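Novice: Have a look at the structure that comes next, please.
The values are calculated or read from the model by the stated rules, or taken from the named source; none is laboratory data. Just so it is clear, the model here is predicted, and its values are computed rather than measured. Here the Cβ positions follow ideal geometry from the backbone for every residue, glycine too, while neighbour counts run over all protein chains shown. We work out accessible area using only protein heavy atoms, side chains counted, and drop any ligands, DNA or RNA first. Shrake-Rupley method; radii C 1.70, N 1.55, O 1.52, S 1.80 Å.
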Amino acid sequence: MEIGSFIAIAVLIFFVAALYSSVGHGGASGYLAVLSLFAVPPAVMSSTALMLNILVAGVALFAYLRAGHLSFKLAWPFVVLSIPAAYLGGLIHVSEKTYYLLLASALVFAAYRLALSAARADIKETERSVKLAISLPVGASIGFLSGIVGIGGGIFLSPVMILFRWADAKKTSAVAALFIVVNSLAVGREAAEGRSFC
């Protein structure tokens, strides 16, 4: 890779990390978008996004913990089944065509999510409690998809939590940061090197 391309990737990834961490996300969908623009091989995209996801979401998680925004009572039902599901999803090897199709879908959803968040930013709504019968399968499903595509899952979990009013923006971001960290760690280095997780 040329030095100019390397510098461009580094600058773009810095801005993606700063933007995503401000809402508690790791930024994997952004990193993947940047890396795909420069035709980086999927295996390199996977391991790079995995490491950056853990680092950036981990910093955000620490900040939310210190500020007292993380509710473990709210978070654990989403997280507990997502960990083994993300691991299993990370072991699934899909074709490059399928991978890029899933990645494109995730990026379109991420763009929609960001637009939706901006539109709903000033709306104040009453929070609703979420039942285990809902949060457990939601967490597992998102974790499994996260393992296959490699985007941590926060970009999927956050809009679901906001749309169903299960938490306010700060609590949602805190839960998303935890979700991203544990699922990224659950996938493991072997799965990342195999290409399944990014």
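Novice: In degrees, nearest 10, range 0 to 90: what is the angle between the Cα axis of helix 3-21 and the longest Cα principal axis of the chain?
Specialist: On a 0 to 90 degree scale, this one is about 10.
Novice: Only one of the listed values, (i) 9, 34, 32, 18, 6, 1; (ii) 7, 24, 20, 12, 7, 4, 4, 4, 5, 4, 3, 2, 1, 0; (iii) 10, 39, 37, 13, 2, 0, was derived from the coordinates as P(r) over Cα pairs in 10 Å bins from 0, in percent; which label is it?
Specialist: (iii)
Novice: Across segment 139-148, in residue order, what do the Karplus-derived ³J(HN,Hα) couplings come to in whole Hz, using 6.51 cos²θ - 1.76 cosθ + 1.60 with θ = phi - 60° and x for Gly and Pro?
Specialist: For segment 139-148, the Karplus-derived couplings read x, 5, 5, 5, x, 5, 4, 4, x, 6 Hz, x marking Gly and Pro.
Novice: Not counting the cut sites, what is the longest span of the chain without trypsin sites (Lys or Arg not before Pro) that DSSP labels loop and that have at most 10 other Cβ atoms within 10 Å?
Specialist: With a cap of 10 other Cβ atoms within 10 Å, the longest stretch comes to 1-123.
Novice: In degrees, nearest 10, range 0 to 90: what is the angle between the Cα axis of helix 154-163 and the longest Cα principal axis of the chain?
Specialist: Orientation of helix 154-163: about 30 degrees from the principal axis.
Novice: Most mobile of 145, 19, 70 per a Gaussian network model of the chain (Cα springs, under 10 Å)?
Specialist: 19
Novice: From the backbone phi of segment 82-91, what are the Karplus-calculated ³J(HN,Hα) couplings (6.51 cos²θ - 1.76 cosθ + 1.60, θ = phi - 60°) in whole Hz, Gly and Pro given as x?
Specialist: Karplus values, whole Hz, x for Gly and Pro: 5, 5, x, 5, 5, 4, 5, x, x, 7.
Novice: Separate question: Between residue 169 and residue 72, what length in nm is gained on full extension when 0.36 nm per residue of separation is reduced by their alpha carbon distance?
Specialist: On the way: separation 97, 0.36 × 97 = 34.92 nm, distance 1.56 nm.
Gain on extension, residue 169 to residue 72, equals 33.4 nm.
Novice: Which FRET efficiency, nearest 0.05, do residue 7 and residue 62 yield, Cβ-Cβ r, R0 41 Å?
Specialist: In this case the efficiency is close to 0.90.
Novice: Got a sec? What order do 7, 83 fall in by accessible area at 1.4 Å, biggest, i.e. largest, first? Spell out each step's value before the answer.
Specialist: Working: 7 95, 83 65 Å².
Heavy-atom accessible area, descending, gives 7, 83.
Novice: In degrees from 0 to 90, rounded to the nearest 10, what is the angle of the helix 169-194 Cα long axis to the longest principal axis of the chain?
Specialist: 40
Novice: Right, another one. Highest mean first, how do 36-42, 179-185 rank when packing is the count of other Cβ atoms within 10 Å averaged over residues?
Specialist: Highest mean packing first, the order is 179-185, 36-42.
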